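Notes follow once the structure below has been shown.
The values are calculated or read from the model by the stated rules, or taken from the named source; none is laboratory data. In this text the structure is predicted, and so the values were computed from the model without any measurement. Cβ sites come from the backbone with ideal geometry, for glycine too, and all protein chains shown count toward neighbours.
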Amino acid sequence: MKNKQWAKYVTIAMMIFVTVVVIGWDIFVATNQAAGDTVSELQIWAGQRFLLLPHAWGTLMGHFWLPWKEDRFTWQVKLIILSSSGLLFLLFDIVSWFNPNPVHAFLGRWPIIVFALSVVYGGFVWSQANTKK
């Protein structure tokens, strides 16, 4: 390709491919007789037990879909903030497995709360604004 933006087109093709494969697989396994094997069912099952999952997906969706106008942090600071929050959720999950607590139990029933807050967090901390011009 003469165009120097070949990586952009490969990325778009990969995004389309992955989306089609995941949706196709979800439809395929939804048509069988086994319960609990679709991507959708496994997402809610895992998200209710491991709050790190809705936090990670929410942070990523905030990065994708909630850009602010300014980039607040250097990539080093972003890395520290994002990895710290991930580790805190992981520790919260691990501690809650051994010592159940009402906060984790409530958020486990409603993982959308973690997801929604993480969308805002992801957009704030990991904004795409001004990353490339």
When you check residue 34 against the structure, is it part of a helix (DSSP H, G or I), more than 17 Å from residue 122 (Cα to Cα) and not charged (D, E, K, R), yes or no? no
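For every residue, the table says whether it meets (1) of a type outside the set (A, V, I, L, M, F, W, C); (2) closer than 22 Å to residue 40 by Cα; (3) touching a strand residue (DSSP E or B) at 6+ places or on another chain (Cβ under 8 Å).
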| position | (1), (2), (3) |
| --- | --- |
| 69 | yes, no, no |
| 80 | no, no, no |
| 83 | yes, no, no |
| 101 | yes, no, no |
| 114 | no, yes, no |
| 125 | no, no, no |
Inside the range 38-133, counting only helices (runs of 4 or more DSSP H) that do not spill past its ends, which hold 1 or more residues that are among the acidic types (Asp, Glu) and out of contact with any helix residue (DSSP H, G or I) (no Cβ under 7 Å at 6 or more places or on another chain)? 39-49
Given the residues 21, 29, which is the only one that is in contact with an Asp or Glu (Cβ under 6 Å, 6 or more places away or on another chain), outside the structural domain of residue 128 (by TED's automatic domain parsing) and part of a helix (DSSP H, G or I)? 29
